[in-house]
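Visitor: The following block contains the structure, expressed as structure tokens.
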Amino acid sequence: MPASPTTASPVARALLDAARDLSDALAPLRFSPPVAHVYDPLQYAWAPYEAYVRRYGATPKRIVMLGMNPGPFGMMQTGVPFGEIAAVRDWMGIEAPVGQPPDMHPKRPIQGFACPRSEVSGRRLWGWAAARWGSAPAFFADAFVLNYCPLVWLEASGRNRTPVQLPASELQAVHAACDRHLARALVALAPQWAIGVGGFAERRLSAVLESDLVDGTFARGVRIAQILHPSPASPAANRGWSEAVDARLATLGLAPPTR
């Protein structure tokens, strides 16, 4: 991945440096069957990820939202967390070249912004943000979205595996790298709230903020919460994800602005 010009803001530069270090730390890791292919969008889709951080991660945020790892038609294609193609291209105004992983699964090709499929989780999350905040600059003035881990694990069948499905010894090495990245990202963004999109993300936020990876005074200033994950695999999300998130944020005093 190319070095970023020094014109990035200090916050964006810190995020990009942390992401590069994360990708480098994950690259030597090896995973046992049934994992057959591993993709890292921070390698082959660095250009759109860098554009995302430069444009929308340039300043501290009130809220940081944390997902788990890429979906097959979201960040896996665009490099942007929950990166549903239409949302990234049309709402965020980001479109950049995307390469290919070195060992690509024939059933999970990387087509970048030409991918014809839509990522349901990303469509829900970014559609909600657009409906509540309006423009992308308005949302990102208030909040930023990260993924805990950039890796995609694919079985020989093409089926995704999530981090929690890895053997404990392999997951420990992933946690070590991703926790360091998350700590650096939180310090750079200095949020008042860190919100896990799903239980896994909330647990990693808690683990990092309770660890020695961040200063204790800083950690005590960050409040942690969880919202429902927008995955179509979740019956609760399918019954009205946006409404559930609105209700949860209202209980936290974080109701989106009225438009």
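The values are calculated or read from the model by the stated rules, or taken from the named source; none is laboratory data. This is a predicted model, so every value here is computed, not measured. Because the Cβ atoms are built from the backbone with ideal geometry, glycine has one as well, and the counts that use them run over all protein chains shown. Keep in mind that these areas ignore ligands, DNA and RNA; they rest on the heavy atoms of the full protein, side chains included. Shrake-Rupley method; radii C 1.70, N 1.55, O 1.52, S 1.80 Å.
Visitor: Would you confirm whether or not segment 119-137 contains a residue that is open to solvent by less than 10 Å² (accessible area, probe 1.4 Å), closer than 18 Å to residue 43 by Cβ and of a type outside the set (Gly, Ala, Ser)?
Guide: no
Visitor: Would you check which residues across segment 148-169 are assigned to a loop (DSSP other than H, G, I, E, B) and open to solvent by 10 Å² or more (accessible area, probe 1.4 Å) and list them?
Guide: Passing the criteria: 156, 157, 159, 162, 166, 167.
Visitor: Ok, one more. What are the residues in segment 176-197 that are of a type in the set (Val, Ile, Thr) and within 16 Å of residue 67 (Cα to Cα), if any?
Guide: The answer is 195, 197.
Visitor: Which one is surrounded by the fewest Cβ atoms within 10 Å (Cβ to Cβ), of the residues in segment 218-259 that are free of Cβ contacts under 8 Å to residues at least 12 places away in the same chain and under 22 Å from residue 176 (Cα atoms)?
Guide: Top of the filtered list is 220.
Visitor: Just to verify a result, which residue in segment 177-195, among those that are open to solvent by 10 Å² or more (accessible area, probe 1.4 Å) and at negative phi, is farthest from the chain's Cα centre (by Cα)?
Guide: 192
Visitor: Of all residues being basic (Lys, Arg) and in contact with a Gly (Cβ under 7 Å, 6 or more places away or on another chain) in segment 97-141, which is nearest to residue 85 (Cα to Cα)? Just the residue, please.
Guide: 108
Visitor: Condition (residue is in contact (Cβ under 8 Å) with a residue 60 or more places away in the chain, assigned to a helix (DSSP H, G or I) and not polar (S, T, N, Q)) applied to segment 28-41: is it met by at least one residue?
Guide: Yes: one or more hits.
Visitor: OK, next. So in segment 96-118, with the set limited to residues that are over 16 Å from residue 43 (Cβ atoms) and not in a loop (DSSP other than H, G, I, E, B), which one is most open to solvent (accessible area, probe 1.4 Å)?
Guide: Per the criteria, the residue is 114.
Visitor: Please go through segment 138-147 and give me each residue that is open to solvent by 10 Å² or more (accessible area, probe 1.4 Å) and more than 30 Å from residue 28 (Cα to Cα), ordered by number. Break it down stepwise before answering.
Guide: The first filter runs over segment 138-147 and keeps only residues open to solvent by 10 Å² or more (accessible area, probe 1.4 Å), leaving 138, 141-142, 147.
Within segment 138-147, 138, 141, 142 qualify.
Visitor: Suppose we filter 72, 60 for residues that are over 15 Å from the mean Cα position of the chain (by Cα) and touching a residue at least 12 places away in the same chain (Cβ under 8 Å); which single one remains?
Guide: Going through 72, 60 in turn, the sole match is 60.
Visitor: I'd like to check something: does segment 29-45 contain any residue that is hydroxyl-bearing (Ser, Thr, Tyr) and within 26 Å of residue 226 (Cα to Cα)? Talk me through it step by step, then tell me what you get.
Guide: To start, the set of residues in segment 29-45 that are hydroxyl-bearing (Ser, Thr, Tyr) comprises 32, 39, 44.
If we keep only those that are within 26 Å of residue 226 (Cα to Cα) as well, we get none.
For segment 29-45, residues hydroxyl-bearing (Ser, Thr, Tyr) and within 26 Å of residue 226 (Cα to Cα): absent.
Visitor: Another question, then. Based on this model, can you work out whether residue 21 counts as assigned to a helix (DSSP H, G or I), of a type in the set (Asp, Glu) and surrounded by fewer than 20 Cβ atoms within 10 Å (Cβ to Cβ)?
Guide: yes
Visitor: I would also like to ask the following. Which residue out of 233, 201 is under 26 Å from residue 118 (Cα atoms) and at pLDDT below 95?
Guide: Numbers: 201 fails: at pLDDT below 95.
Just one listed residue meets the conditions, 233.
Visitor: Is it the case, given these coordinates, that residue 3 is modelled with pLDDT under 95, aliphatic (A, V, I, L, M) and over 22 Å from residue 194 (Cα atoms)?
Guide: In short, yes.
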